[in-house]
Every structure is written in structure tokens, then in C-alpha cells.
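A short worksheet on the structure shown next.
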Amino acid sequence: DVFILDLGLTIYQWNGKSSNKDERMKAMQYLIALKDERHGKAKSEVLEEEGLSQSHEFYHALTEDDVPDEAENMKPKDTNIQLFRLSDASGQLTFKVEKSGAVSTSDLDSKDVFIVDTKKAIIVWIGQETSMAERKNAMAYAHKYLQSTDHPLLSVACLAEGKHDKQIRLALSA
């Protein structure tokens, strides 16, 4: 068999001695897709069962003995909350920083989509009066933004105005 071990910024493909070329090729395609998702920030290594030392980091990661937590290295340097506005009010879709620091629900406008980076999670807030283009592109803009940060592995939540008001207030006050 062939196995993939995903440690965040390090990805291993372990090829068993009896694995066939089709298994190896499918695993390699999956490994490349993972690296592409992380915009080249992840490194990969293909390991062959035969000749691989039992002291290799791959085996240590399986037992969780002294493996560094790569998420620790991805903590944001700037911890200020950031508010971004996605709007097509000008006739063209624009994405810009609206505010940094303290953000409250009064900063949100029903006519646009807002992306809030709390540095612990990304919140995509969709106003009730947003256009179809804003709605369709909200998650793509959030993902593109997140990949350009020093903390690209945060979770993304999508909250609609009027349906998740309590959750957005809690997130902004945290």
C-alpha cells in the first residue's frame, strides 16, 4: 500500500514495498494537490519502505514523540482583528481593508459581504441585501486572502445576517 502523512507544512508519501505503480501515481497526484492548496508553503518527501530507517521523522510523527507542532509556527504576528469589505457598489467587485482593531456589528453593512480575520478564525458575513456576485465570490475571496497570510490554516465560517447574529457578536467580542 501507499500512505500519505500530512503534518501541515510537511507531507510524506510512504510507498510500501509491494505497492504498484498505479497506487504510487494516485498518491503522488494527491500529494501535488495538497501542496498546491498550500501555495508551495508545504514541502513533501517520498519515502520507500525498503531502506527507510526506523529513526526517520516519518515514524516519529506516527508515534507523536517530540514532533514539532507546525501550527505553532503559523501563529499570526499581528493579532489585531481585521475587517474587509467585498463590494460591487462601484460596478466592479472590490476587496479592501475596512478597519483594523476593535470591530463590532455596527461596522457591518447589509449591502455588502464582510470578511473578519479574528486571527483565530475567518468569518465571512453575508449581508441580507448583497448582490449575487458578492455572495458567489465571498468564500473565494476569503480563501485567497487567508492563503496570503502568515496563518493560512485557520477555519472559515460563513454567517448570514439575521440567522447567525449571536455567533457574529460572540466572535467579534472574543
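Roughly how big is the chain's charge dipole about its Cα centre, with Cβ charges of +1 (Lys, Arg) and -1 (Asp, Glu), in debye to the nearest 20? Once rounded to the nearest 20, the dipole reads 780 debye.
Based on the Stokes-Einstein relation at 10 °C and a viscosity of 1.306 mPa s, and on the Kirkwood radius from alpha carbon pairs, the chain is assigned a translational diffusion coefficient of 85 µm²/s.
Per-residue ellipticity at 222 nm computed for the chain from its helices equals -9000 deg cm²/dmol, with DSSP H segments shorter than 4 residues left out and the rest contributing -39,500 (n - 2.57).
For the chain, averaging the sequence separation of C-alpha pairs within contact (under 8 Å, six or more residues apart) and dividing by the residue count gives a relative contact order of 16 percent.
When only C-alpha pairs under 8 Å and at least 6 residues apart count, what is the relative contact order of the stretch 78-174, in percent? Relative contact order, the stretch 78-174: 26 percent. Note on the stretch 1-68: with charges restricted to the Cβ of Lys and Arg (+1) and Asp and Glu (-1), its dipole about the Cα centre is near 360 debye. Charge tally around ARG24: other residues with Cβ under 11 Å, Lys/Arg +1 each, Asp/Glu -1 each, net -2. Ranking LYS21, LYS41, LYS111 from most to least accessible surface, computed with a 1.4 Å probe over the protein chains only, gives LYS21, LYS111, LYS41. Counting Lys and Arg as +1 and Asp and Glu as -1 over every other residue whose Cβ lies under 10 Å from the Cβ of GLN82, the net charge comes to -1. Taking every DSSP bridge with both residues inside the chain, close to 65 percent are antiparallel.
The values are calculated or read from the model by the stated rules, or taken from the named source; none is laboratory data. What you are looking at is a predicted structure, and each value in this text was computed from that prediction instead of being measured. FYI the Cβ positions are ideal-geometry reconstructions off the backbone, even for glycines, and counts take in every protein chain you see. The accessibility values were calculated without ligands, DNA or RNA, using every heavy atom of the protein model including side chains. Shrake-Rupley method; radii C 1.70, N 1.55, O 1.52, S 1.80 Å.
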